[in-house]
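See structure below.
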Amino acid sequence: MTRGTFFLIFILVAVVAILSYVAVVQSVKTPQEEISTQNLTPTPNPSLIPSTTLTSSPSASLVRIGASQTISILADSGENSLTTVQLELGFDPKFIEVQKVEPGTFFDNPTILLNEVDKTNGRIMLALGSLTPKKGNGVLATVTIRGISPTGPTGKTTDITFLPKTQILGSSNENLESLLRKAINAQIIVTQQ
């Protein structure tokens, strides 16, 4: 066998080896490559989509100076199963005084984590929860107010407002994002008579 023939056979074997290697590498995908090429579309869990609405009853009140009125904070959980509620409500202490805040009947035997009223700055903070998730409609809390100064002669109102720290948590949202979809404030007119 001559040197030229030997050299050609060596080149031929090298080319065949390189082509074989390329063919094998392209046909075998690593698990990570397979995962990255799959189209993964998560199925949304309806219990994690915020669908809880908070409202007040009555939604509008006429309160005389010195008279008391109880306002219920209502929850409609929609598709959510609730376990914890943090209410932070604002009010104008020039017009109304908060006399008491009590948990409602939405949760059976709720644990009260926080119940404070800042009468100077006009803040109500109530946090309550239950180990048993609850779905449906009901009274989360009641707020008893008393009129202390008229809101104005032309039907001007003062509101009890749901502040940004109001949060709703459920049994299946580990990421701790609020399930609150909407909150509707209560309007109050305080009159002299």
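The values are calculated or read from the model by the stated rules, or taken from the named source; none is laboratory data. Bear in mind the structure is a predicted one, so any value in this text is a computation, not a measurement. Here the Cβ positions follow ideal geometry from the backbone for every residue, glycine too, while neighbour counts run over all protein chains shown. The area values use the complete protein model at the heavy-atom level, side chains included, leaving out ligands, DNA and RNA. Shrake-Rupley method; radii C 1.70, N 1.55, O 1.52, S 1.80 Å.
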task = Mind listing just one residue for me: the one in the range 129-171 that is assigned to a loop (DSSP other than H, G, I, E, B) and among the aliphatic types (A, V, I, L, M) and, of those, most open to solvent (accessible area, probe 1.4 Å)?
result = Ile148
request  = Determine, yes or no, whether Ile160 is touching a Lys or Arg at 6+ places or on another chain (Cβ under 8 Å) and among the β-branched types (Val, Ile, Thr).
outcome  = no
ask   = Listed residues Thr158, Thr154, Thr142; which is among the β-branched types (Val, Ile, Thr) and out of contact with any strand residue (DSSP E or B) (no Cβ under 8 Å at 6 or more places or on another chain)?
value = Thr154
key: Pairs with Cβ under 6 Å, 6+ apart, first in the range 104-120 and over 16 Å from Ile145 (Cβ atoms), second exposed (fewer than 13 other Cβ atoms within 10 Å of the Cβ)   = none
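In this structure, is Glu88 farther than 19 Å from Val190 by Cα and open to solvent by 50 Å² or more (accessible area, probe 1.4 Å)?
Working: farther than 19 Å from Val190 by Cα: yes; open to solvent by 50 Å² or more (accessible area, probe 1.4 Å): no.
No: the conditions fail for Glu88.
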inquiry  = For the range 172-180, check the following and say yes or no: at least one residue is open to solvent by 40 Å² or more (accessible area, probe 1.4 Å), within 17 Å of Glu79 (Cα to Cα) and either among the aromatic types (Phe, Trp, Tyr) or not in a loop (DSSP other than H, G, I, E, B) (or both).
reply    = yes
